[in-house]
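These notes concern the structure reproduced below.
The values are calculated or read from the model by the stated rules, or taken from the named source; none is laboratory data. Since the structure is predicted, the reported quantities are computational estimates derived from the model, not experimental observations. Here Cβ is always computed from backbone atoms with ideal geometry, including for glycine, and neighbour counts include all displayed protein chains.
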Amino acid sequence: MTDMTRHQAEERIAKLRELINNYRYHYHVLDESIMSEEAADSLKHELSQLETSYPNLITPDSPTQRVAGAPSPEFVSVEHSQRMLSLNDVFNEVEVAAWRDRVLKLLPADTKLEYFVDIKMDGLACALHYENGVLVRGITRGDGFVGEDVTANIRTIESIPLRLHATKGFEHFLDGRTEVRGEILMYKTDFEALNRQREAAGKPLFANPRNTAAGTIRQLDPSLVAGRKLYFRAYDMLRDDPANLPTHAQAYEVMRALGFLANRQASVVSGVDAVMHFAREWDTKRHDLPFNTDGLVVKVNNRRLYADLGVVGKAPRAAVAYKYAAEQATTKVKDIFISIGRTGAATPVAMLEPVVVAGSTVQMATLHNEGEVKRKDIRVGDTVIVHKAGDIIPEVVEPLTTLRDGSEKPFVMPEKCPDCGTKLVKINAKDAAWRCPNEACPSRSWKRIEHFASKAALDIEGLGEKNVIALLGAGLVKDPADIFTLSEQQVVQLDRFAQISARKLVAAIQAKKQPPLSRFIYGLGIRHIGVQTAIDLANTFKSIESLYQATIDELNAVEGVGAIVAESVVEWFAEPSNRQLMSKFAANGVRPETVATVGGKLAGLNFVVTGSLEQMSRDQAAEQIRALGGTFQSSVGKDTDYLVVGKNVGASKLAKAAKLGTKQINEQALVEMLA
């Protein structure tokens, strides 16, 4: 703004006033909104700054003159006792009601549900393990399956009891294993005080409380952690005997009795109307909370029903995260550049004038693909509304075309990859994105290797972005298979490495020559293959060789794998460069573990469960069947041997089983087979 001439400022001020006044008219007179209140506030802020710079341009009718009524490799990896799940998001009453309806369809017809509603905290998820009442370990969420052991650091947090409090009536919780899960937070006032200290010391400021808390916990020096004020607020508790905690509300009561902070705002309600009343109440009051939040967590209160409803993908069926409207702001598009991903996708990215959205500074936002840029008509130089989808991913909502002055430039998709000069292509007509087909493209290469080494894939300690780029730059590697040929002598020649760090990296790589099959599949970076799909493929095909030879029909038969995923897998293994990569893996001694077919008395038998079980949850039944060599299926097919019929079953599976001649048994018969 300071680079503007007085004339340019005058034109910009006039346009801003017109747009803001138009917004106010629609909002206050016509009772309709042409943009979010946050976006309008951002425009007012820009106008105020301009008028401060050019006070002679302030007029009595300016909107500013009206009185106004958002696991580090240094730590040991630890597997969670139970997976730390994510939650699916809902954004309005209709979606909350749809979730309720899906849950009720899976429960007996006369089920009356209570919901446990709590404030969703914006912190670092952590699990605390206690043995006979004494803290033994603290683990970050990580990828949900495996987290980082940060025990030394979390012990410095005053709100975490090192020994569980012996409250009368709750003494039995001091015996055996207890796991308490919650969020590690930095309160807003403490964050602001910390930034004031850093500013006074001439140090760069931290972006937001959540990232600061997470970064603090990952410090190697516990004394640094102790010097920053953090809090742990509990939201869940696990015991070996589920009967200890029949409801989520009672779990909160127990956690408080044992010495934990647990949100007092949490409440048990009945019905969607009550959930939405709670949501509306806290939409405004949440800003007065000591910590940041972007929504609520809504759970089925009965923990037995919660467990019986099971898990879909990465989320429990019995809980959702209700998200408040994302914060928005306005800023200008300084440029649009192309980012090449590990699959070759050429994604337009907007470079923005820095703006704070949902508590953090945003400088770039994805524009998804060329078609999206054209549809929204986003141009370089535009003033745009930016928001964070779910308060996480920065995205450009729309340009404010009335603020254009003629200097804006339409975006033109480049013909060639900006990193390697290869002509960009579209793989097929259905593809929305342009792609760089060059497997050796520098951007594709380092991102593929980094992905292969990531925690969710092979989890190779020390092989992050900077080290990968250094190895590529030195010509030591070209693809993920090459990392297994690295020697200590080669690595130590690089500026980033000394003898010890080079030895550690090579040892970490060599230790991963026999990775779990699911992690190896995910690490290959096949389009549309996430962690869960990789697990499903590994459990179905058992070996990388079988997956390599799988047909589209065989892939389509895997639960959760549709036509798009099946085609992607077949196309990936058909690509000559990928076939060469697989040969290099084999030549370099990489042998993914074969998923063993578990022996046992149920080997070769396929089971489906319908309805609710009383003596075990559906997931527990699946685990026990698999442990004895059987296969647990989600739907009745020609190869299904037994349909286990619980209570309050639907008619479809019974009808299909009868048609196919599948043997039907009750829960007690299954229990006897499992004994």
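At a glance:
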read-out: Pick from the stretch 32-64, criterion farther than 16 Å from residue 12 by Cα and crowded, with 20+ Cβ neighbours inside 10 Å, ranking: modelled with the lowest pLDDT; value: 35
read-out: Counted residues, the stretch 585-609 - those being out of contact with any Leu (no Cβ under 6 Å at 6 or more places or on another chain), surrounded by 17 or more Cβ atoms within 10 Å (Cβ to Cβ) and at pLDDT 90 or above; value: 2
read-out: Matching option when the condition is surrounded by 21 or more Cβ atoms within 10 Å (Cβ to Cβ) and among the hydrophobic types (A, V, I, L, M, F, W, C), among 162, 128; value: 128
read-out: Scope the stretch 206-223; condition part of a loop (DSSP other than H, G, I, E, B), of a type in the set (S, T, N, Q) and within 22 Å of the chain's Cα centre (by Cα); matching residues; value: 208
read-out: Test: residue in the stretch 394-417 that is touching a Gly at 6+ places or on another chain (Cβ under 7 Å), of a type in the set (D, E, K, R), part of a loop (DSSP other than H, G, I, E, B) and modelled with pLDDT of 85 or more; value: yes
read-out: Cβ pairs under 6 Å, 6+ apart, first in the stretch 231-243 and assigned by TED's automatic domain parsing to the domain that holds residue 307, second at pLDDT below 95 and among the aromatic types (Phe, Trp, Tyr); value: 234/260
read-out: Pairs, first within 19 Å of residue 357 (Cβ to Cβ) in the stretch 191-214, second among the small types (Gly, Ala, Ser) and not in a loop (DSSP other than H, G, I, E, B), C-beta under 6 Å, six or more apart; value: 207/360; 208/360
read-out: Within the stretch 80-117, considering residues that are under 18 Å from the mean Cα position of the chain (by Cα) and not in a loop (DSSP other than H, G, I, E, B), the one farthest from residue 145 (Cα to Cα); value: 90
read-out: Residue that is surrounded by the fewest Cβ atoms within 10 Å (Cβ to Cβ) [pool: residues in the stretch 639-673 that are closer than 14 Å to residue 604 by Cα and either charged (D, E, K, R) or at pLDDT below 75 (or both)]; value: 639
read-out: Tally, over the stretch 493-521, of residues that are among the basic types (Lys, Arg) and either over 20 Å from residue 587 (Cα atoms) or touching a Ser or Thr at 6+ places or on another chain (Cβ under 6 Å) (or both); value: 3
read-out: Candidates 595, 565 - the one that is in contact with a His (Cβ under 6 Å, 6 or more places away or on another chain), among the β-branched types (Val, Ile, Thr), over 30 Å from residue 666 (Cβ atoms) and not assigned by TED's automatic domain parsing to the domain that holds residue 631; value: 565
read-out: Of the criteria (1) of a type in the set (S, T, N, Q); (2) over 27 Å from the mean Cα position of the chain (by Cα); (3) more than 30 Å from residue 324 (Cα to Cα); (4) modelled with pLDDT under 90, which one residue 132 fails; value: (4)
read-out: Residue match in the stretch 181-202 (condition: more than 23 Å from residue 142 (Cβ to Cβ) and in contact with a strand residue (DSSP E or B) (Cβ under 9 Å, 6 or more places away or on another chain)); value: yes
read-out: From the options 397, 386, 357, residue that is touching a Lys or Arg at 6+ places or on another chain (Cβ under 7 Å), among the β-branched types (Val, Ile, Thr) and within 27 Å of residue 92 (Cβ to Cβ); value: 357
read-out: Selection within the stretch 264-273 - within 15 Å of residue 320 (Cα to Cα) and in a helix (DSSP H, G or I); value: 272
read-out: For residue 569: the one exception among (1) surrounded by fewer than 18 Cβ atoms within 10 Å (Cβ to Cβ); (2) under 26 Å from the mean Cα position of the chain (by Cα); (3) closer than 26 Å to residue 344 by Cα; value: (1)
read-out: Test: residue in the stretch 221-240 that is touching a strand residue (DSSP E or B) at 6+ places or on another chain (Cβ under 9 Å), modelled with pLDDT under 90 and surrounded by 15 or more Cβ atoms within 10 Å (Cβ to Cβ); value: no
read-out: Answer from 295, 359, 344, 310 - the residue that is small (Gly, Ala, Ser), closer than 27 Å to residue 381 by Cα and modelled with pLDDT under 95; value: 359
read-out: Those residues of the stretch 453-471 which are surrounded by 18 or more Cβ atoms within 10 Å (Cβ to Cβ) and not in a loop (DSSP other than H, G, I, E, B), in sequence order; value: 453, 467, 468, 471
